[in-house]
1. Please report, to two decimal places, log10 I(q)/I(0) for the stretch 28-148 at q = 0.20 Å⁻¹ as given by the Debye formula with identical point scatterers on the Cα atoms and no solvent.
2. For the stretch 53-157, what's the relative contact order in percent, using C-alpha pairs closer than 8 Å and at least 6 residues apart?
3. Describe numerically, in nm with one decimal, the distance between label points set 7 Å from Cα along Cα→Cβ at residue 551 and at residue 148.
4. Nearest 0.05, what FRET efficiency do residue 393 and residue 115 give at R0 = 51 Å with Cβ-Cβ as r?
5. Would you kindly find the accessible area of residue 405, with a 1.4 Å probe and non-protein molecules such as ligands, DNA and RNA excluded, rounding to the nearest 10 Å²?
6. Work through the residues other than residue 98 whose Cβ is under 15 Å from its Cβ and net out their charges, Lys, Arg +1 and Asp, Glu -1.
7. What residues of the stretch 36-59 lie in the reach of a label at residue 101, counting those whose backbone N is under 14 Å from a point 7 Å from the Cα along Cα→Cβ?
8. What does the extension gain come out to for residue 576 and residue 81, with contour length at 0.36 nm per residue minus their alpha carbon separation?
Amino acid sequence: MKAPGFVILIIVNALLSFLLGSQYLYGAEVQRLPRVLNAAVLPIQWKLSQENNSELIQIKQDLDQVFFSSIQASSKFVVLNRHLTASLWETEAGRAELEKDFEAQVFVNLTVVEDQELMRLSIRLLDPNMKSLLYESAVHPRSLFLNVDKTHREKAIKELTFQLINRIPLDAYITSIQGSYLTLSKGANQNLSIGEKYKVYRPFVATTHPVLGTWNTFQLKLMGEIEIIDLKDITAIAKINNQIFPDAIEITDGIIIKGNPARQAFVLSPEEREKELAKHAILDQKTSSSLSKPSAGGEASPETGLTGGRQKLENGHELGSPYRELEEEKLNSKSPVSELEEKYARDTGSDSNDQKNVRPSQDETSEESDSYAESSSLANKKTQELLSVLGLLLNQVDVYTGIKMWQMSGSSNVRSKLNLFPLNVFGVRAQRRLMPKVFASLGGDVEFGKTQNGSYSGFNSELLLEYFGDASLWGNGQKKYTLGIIGSFSGQGINGEHLGGGDQLRGGGFARVFENFNLTGDLGNPLEAYGELSIQPLALGRLGIKGKNYTIKSSLGWGFAAGAYLPQHQPQSWQWGAELGYSTCSYTLSSQKELSSTAFTIMGMGRYRF
């Protein structure tokens with residue numbers, strides 16, 4: 001029995017290393033996108049060469065209103081009162097008040113910088129600490145932007161605003177879940193309709209900009225499907241039709257709304273797009289000398305829903321590119337928001353470079369950034385390809401290790417001893433969905449250690465078929481249960497004792513009840529506790545006592561386990577837990593011999609759901 005156990009131990013350890021190593025790579029790249037419901041719109045920050053006059057003051061006031069109205073019209077956020085925001089945002093205490101008392105989760109900032117014959121617009125989504133999350137920019141001819149005719153500048157503000165907002169992948173978020181029903185953060189005003197079905201996604205930040213640290217690309221993981229059953233102007237109630245696994249859908253997951261105003265308002269028709277290209281091509285002589293020929297053609301951007309039409313400057317940067325660096329010294333002067341970020345960094349004792357808000361010149365960063373982005377993208381792509389393949393085959397992977405103490409008594413007496421290195425069980429299990437609520441799991445473990453007079457090694461393999469149900473009738477909808485059958489094959493070899501070990505094929509059933517506890521107040525991230533009762537009345541096999549083999553005539557075993565998994569702070573990553581278990585079994589052997597066994601286990605566990 002020693003050799004097979006040793007081989008299985010090597011295989012299991014290799015699997016553990018492979019799984020943990022893969023997740024390390026993946027976890028380094030992917031983070032969950034936070035839910036954004038409420039936004040505070042900051043006043044536009046201006047940096048102009050000319051002094052204020054009545055005409056310019058009026059332009060600023062008009063554009064402040066256009067910017068604020070564009071954010072409102074997107075229907076992406078609940079927007080705080082602009083005058084309230086203007087009175088509080090400039091101080092750290094004021095921003096804290098906006099965040100705590102008025103639940104502002106993000107700030108939206110627009111900066112306008114005059115650069116000779118160009119006007120450079122940059123819009124940012126900021127967290128309450130003034131760290132940039134999303135960034136978009138555009139360049140417009142000064143003569144058009146500050147023209148008496150306000151059409152061009154208002155359209156420029158609206159398009160840039162929607163370009164930023166449409167990069168946020170979800171349009172509505174789940175705000176509460178009660179059993180098989182949930183509430184959405186959007187309603188009839190955002191073109192939802194009763195009877196419509198929507199896929200529910202979990203958003204992740206797939207990549208970030210290597211220098212700025214802003215969100216670059218996103219990944220959406222399908223979690224299930226819902227159907228709208230009740231509707232109000234700004235909220236909706238939906239029924240969960242299916243999920244990729246029980247309790248898969250969580251608060252902060254969301255949907256993409258087919259007719260969302262933000263995604264529809266500025267999708268240009270081919271005719272409109274050609275007019276825009278022509279408008280940017282016919283610039284006054286000074287401006288056109290710094291612009292290259294406009295790019296032609298191009299499909300609508302899958303990220304923003306905006307058609308192409310970006311142009312390039314002489315240095316190769318895209319017109320409207322979100323990460324184009326300003327290269328002249330006077331353009332590197334700090335905007336009010338940049339100054340505020342640096343002040344915040346000084347106040348908190350953090351390095352502004354740690355916040356990834358400092359933007360070095362292109363020459364300093366291009367080579368390093370390109371190399372970093374290329375290697376990071378390659379590793380991320382290979383890892384995601386691997387996880388995608390595993391995700392098609394499996395629903396969940398569990399790994400566990402811990403301490404097992406056991407004792408046999410009756411016709412032969414032997415018990416295990418606790419080693420200096422206490423971990424003596426290592427196991428892995430993989431789960432696959434067969435039907436919406438029916439899952440199959442295949443796994444096994446190896447064990448080894450010392451007895452009173454010798455040593456032992458063994459293995460156990462098991463196949464589980466289980467049904468997941470909702471126990472919401474018992475309480476508040478947080479309870480779930482599992483009913484299943486289990487079949488196992490195990491073997492054990494013991495040296496230096498009267499009992500030499502044995503081989504068994506066993507079968508039985510089990511029931512498990514789950515309960516979620518929101519210990520931290522985070523409704524979407526609870527502690528999951530469970531209790532399990534199992535019974536195994538079927539056994540075939542043999543046991544060796546004093547050099548002779550005895551057939552198992554009958555047996556009856558049962559066990560109990562209780563455990564919990566910690567809240568999962570980094571989604572789509574390993575979730576850790578612990579379990580205590582107790583089991584006992586009585587055997588009747590041939591020649592009227594009888595044995596009984598008891599075992600006590602303490603396990604540490606890891607769970608990864610694809």
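The values are calculated or read from the model by the stated rules, or taken from the named source; none is laboratory data. The structure presented is a predicted model; accordingly, all values stated were derived computationally and were not measured. FYI the Cβ positions are ideal-geometry reconstructions off the backbone, even for glycines, and counts take in every protein chain you see. Remember, those area values only see protein heavy atoms, side chains included, never the ligands or the DNA or RNA. Shrake-Rupley method; radii C 1.70, N 1.55, O 1.52, S 1.80 Å.
1. -1.16
2. For the stretch 53-157, the relative contact order is 17 percent.
3. 10.8
4. 0.40
5. 60
6. In short, -4.
7. Within reach of a label on residue 101: no residues.
8. Roughly 173.9 nm would be gained on extension.
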